[in-house]
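**Student:** I have a structure here, written as structure tokens, and I will follow up with some questions on it.
The values are calculated or read from the model by the stated rules, or taken from the named source; none is laboratory data. Bear in mind the structure is a predicted one, so any value in this text is a computation, not a measurement. A quick note on method: Cβ atoms are made from the backbone with ideal geometry, for glycine too, and the neighbour counts reach across all protein chains shown.
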Amino acid sequence: MTTSIPEATPTLEMVAAVAGVSRSTVSRVINDSPKVTPEALAAVQAAIEKLGYVPNRAARSLASRRTQSIALVIPENTAKFFADPYFATVIQGAAMYVSSTEYTLTLLIAAEGDAEKTRRYLRGGNVDGALILSHHSDDLSYVALARSLPVVFGGRPMSQEGPTAYYVDVDNVHAARDVTANLIAHGRTRIATIAGPQDMAAGLDRLEGWRLALAEAGIPDDLVEYGDFSPDSGAAAMTKMLDRGIDFDGLFVASAQMASGAMQVLRERGYSVPDDVGVVTFDNDYFAQTSRPALTTIEQPTTEVGRTMVSMLIRLIDGLHVDTITMMPTRLIDRGSA
């Protein structure tokens with residue numbers, strides 16, 4: 001489907017009216033002037049979000065020329081960004097594609113507290129479009145950005161509100177069901193899971209895939225703990241699972257990072273993989289490949305995800321037809337850890 005043009009383009013005067021402030025106050029907020037009260041700042045920012053207003057300097061730039069710049073936004077804290085190999089490979093793919101175009105790529109790590117500043121930057125005519133990775137349900141404003149800026153998400157956005165969301169993803173439900181079925185095929189009959197964060201589509205969908213595989217085999221699905229995709233959270237979840245005192249012989253972990261933490265706890269508690277517990281996971285990254293034993297996992301084409309996101313975004317910027325959803329293939333890599 002093609003991008004749509006709003007029936008009426010919001011103006012600075014409309015923002016002022018909705019915010020209940022003067023035109024000059026709106027101008028000061030847009031230009032980051034310190035001479036604005038916190039109350040006025042909040043009112044203007046809320047009006048800008050509601051109307052999808054693009055400052056005049058952006059409109060002038062778009063009318064005459066493009067910035068030839070694309071932003072890649074990571075709404076995560078810096079520590080998580082640098083620790084997660086998923087981000088590195090997606091960014092690599094995006095950067096490789098951008099290098100073949102006239103665009104430049106700007107990386108924005110929008111940690112908590114910086115999110116509103118990042119959105120003001122994106123709305124301010126500094127970039128022609130944005131790529132958003134690792135989107136959470138508690139921040140709907142990145143979806144709302146699509147009212148005034150071409151945006152493509154890496155992964156299905158949680159919000160069903162606002163404008164059409166364009167995104168690139170894998171079938172997390174199907175892939176999680178497949179890798180869990182690998183455990184069942186190896187004779188595992190009591191299978192636990194360490195699920196990802198439930199405010200992210202990947203966390204929800206991989207848990208659903210695990211449940212589907214167990215339901216199809218008539219296996220109970222009551223052994224669930226949760227993590228945030230980090231190794232420490234995997235270790236903490238594994239500790240809770242073992243402390244329940246309930247026997248299990250299979251484990252699906254929703255990310256290889258969490259699996260590495262879980263494996264460490266299993267070793268410390270005297271469990272052998274795969275003799276005592278079969279373990280499978282998601283992502284064929286450093287953590288899956290260097291575990292002992294190396295882990296049966298689902299491989300995502302992360303580099304190609306980055307390339308595809310940029311390709312979609314440039315087509316949106318050019319006003320060309322773009323399918324709303326692009327699903328990428330996954331591959332099960334069986335290393336015998338099940």
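**Student:** Is there a residue in the stretch 102-111 that is in a helix (DSSP H, G or I) and at pLDDT 85 or above? Working first, answer last.
**Tutor:** The initial filter retains those residues of the stretch 102-111 that are in a helix (DSSP H, G or I), namely none.
Looking for residues that are in a helix (DSSP H, G or I) and at pLDDT 85 or above, one finds none in the stretch 102-111, hence no.
**Student:** Say we look at the stretch 182-200 and pick out the residues that are surrounded by fewer than 21 Cβ atoms within 10 Å (Cβ to Cβ) and in a helix (DSSP H, G or I); which of these is farthest from the chain's Cα centre (by Cα)?
**Tutor:** Of everything passing the filter in the stretch 182-200, ALA185 is farthest from the chain's Cα centre (by Cα).
**Student:** Go through the stretch 165-181 residue by residue and tally those that are within 17 Å of the chain's Cα centre (by Cα) and farther than 15 Å from GLN300 by Cβ.
**Tutor:** Selection size over the stretch 165-181: 2.
**Student:** Give the residue, chosen from ALA43, ALA63, ALA47, ALA58, that is modelled with pLDDT under 85, in a helix (DSSP H, G or I), of a type in the set (A, V, I, L, M) and crowded, with 19+ Cβ neighbours inside 10 Å.
**Tutor:** On the way: ALA43 fails: modelled with pLDDT under 85; ALA63 fails: crowded, with 19+ Cβ neighbours inside 10 Å; ALA47 fails: modelled with pLDDT under 85.
Criteria check complete, one pass: ALA58.
**Student:** Within the stretch 283-302, identify whether any single residue is surrounded by fewer than 20 Cβ atoms within 10 Å (Cβ to Cβ) and closer than 26 Å to ASP222 by Cα, and answer yes or no. Please lay out each step first, then the result.
**Tutor:** Pass one, the stretch 283-302, residues surrounded by fewer than 20 Cβ atoms within 10 Å (Cβ to Cβ): 286, 289-290, 292-294, 299, 301.
If we keep only those that are closer than 26 Å to ASP222 by Cα as well, we get none.
Within the stretch 283-302, none of the residues are surrounded by fewer than 20 Cβ atoms within 10 Å (Cβ to Cβ) and closer than 26 Å to ASP222 by Cα.
**Student:** Taking into account only those residues within the stretch 202-260 that are under 21 Å from the mean Cα position of the chain (by Cα), among the aromatic types (Phe, Trp, Tyr) and not in a helix (DSSP H, G or I), which is surrounded by the fewest Cβ atoms within 10 Å (Cβ to Cβ)?
**Tutor:** Of everything passing the filter in the stretch 202-260, TYR226 is surrounded by the fewest Cβ atoms within 10 Å (Cβ to Cβ).
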